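Notes to accompany the following structure.
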Amino acid sequence: MITLKYKKHDTAVYISHIDTLRAMVRSVRRAGIEVDFSKGFNPHMLLFFSPPLALGVSSECEYVTADCKGVTPEEFVSRYNAVCAPGFEAVAAFYTPKSPNLAGRIRAADYEFSYSADKAEAVAAAVKAVMTSDVYEVGQTTKGGPVKKECRKLIYAMEDLGGVLRVKLATGNDNLRADRLALQMNEDFGTAFEVTGIVKKVQYAEHDGAVIPADEFLVKTGEEVK
């Protein structure tokens, strides 16, 4: 199996997770890469994705694993990038002997929220308020309508880098979407973050009781080829 690390940016941020899957299938077919299919009445290409990305958010670290043979990670990247849809370019590939199950192993992710200089004081106040509090409620949308959910334990870190706020958030069964946090902070503190100004920078996977960068996890389970 080969796991592809790819970016999702520019106009691709407006493509849903389901349509991202379809775009990836089309790109792999155009690249002439043979991927196994599931069995049964409605067979589908065996592609395994990392957790879905919120609509409008960019990423430098999305992953998809293909159950394929007869191609090296280096060849996969080259052939895929020659035909992929704009905004979905690959940046690396990793060989793994079996599916790394990133959807189940990813536990956290780093995001960067960009903001304008005139919002520096508001961002500083927001970081202090959130990180010194034991409780922080974030708006969620459910079938029953909008609700507030206690999410402080899902916010692992915040660091103001000047013009950029770096945030580490929980991912997995208990997770906090970056866009929801940004919008809640706008409402509470006037930070004026834009969803399209959010970039996912690093994903972290659980391995042997530790949580490490996903790239490092994939290297430990196979061989990285850029």
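The values are calculated or read from the model by the stated rules, or taken from the named source; none is laboratory data. It should be emphasised that the depicted structure is a prediction, and the values quoted were computed from it without experimental measurement. All Cβ positions, glycine included, derive from the backbone under ideal geometry; neighbour counts span all protein chains shown. Each accessible area value is taken on the protein alone, full model and side chains, heavy atoms only, with ligands, DNA and RNA left out. Shrake-Rupley method; radii C 1.70, N 1.55, O 1.52, S 1.80 Å.
Looking across the stretch 1-19 at every residue that is among the β-branched types (Val, Ile, Thr) and touching a strand residue (DSSP E or B) at 6+ places or on another chain (Cβ under 9 Å), the one that is most open to solvent (accessible area, probe 1.4 Å) is identified as ILE15. Residues being within 24 Å of GLY209 (Cβ to Cβ), assigned to a loop (DSSP other than H, G, I, E, B), in contact (Cβ under 8 Å) with a residue 40 or more places away in the chain and open to solvent by 60 Å² or more (accessible area, probe 1.4 Å) are entirely absent from the stretch 138-158.
Scan the stretch 167-181 and give yes if some residue there is of a type in the set (Asp, Glu), in a loop (DSSP other than H, G, I, E, B), surrounded by fewer than 18 Cβ atoms within 10 Å (Cβ to Cβ) and without any contact (Cβ under 8 Å) to a residue 60 or more places away in the chain, otherwise no. Yes, because at least one residue in the stretch 167-181 is of a type in the set (Asp, Glu), in a loop (DSSP other than H, G, I, E, B), surrounded by fewer than 18 Cβ atoms within 10 Å (Cβ to Cβ) and without any contact (Cβ under 8 Å) to a residue 60 or more places away in the chain.
The residues of the stretch 90-142 that are charged (D, E, K, R) and more than 20 Å from LYS200 (Cα to Cα), listed by number, are LYS98, ASP118, LYS119, GLU121, LYS128, ASP134, GLU137.
The sole residue among VAL35, VAL57 that is under 21 Å from ARG107 (Cα atoms), touching a residue at least 12 places away in the same chain (Cβ under 8 Å) and open to solvent by less than 20 Å² (accessible area, probe 1.4 Å) is VAL57.
If the condition is being in contact with a helix residue (DSSP H, G or I) (Cβ under 6 Å, 6 or more places away or on another chain) and surrounded by fewer than 15 Cβ atoms within 10 Å (Cβ to Cβ), then the stretch 190-204 contributes only GLY190.
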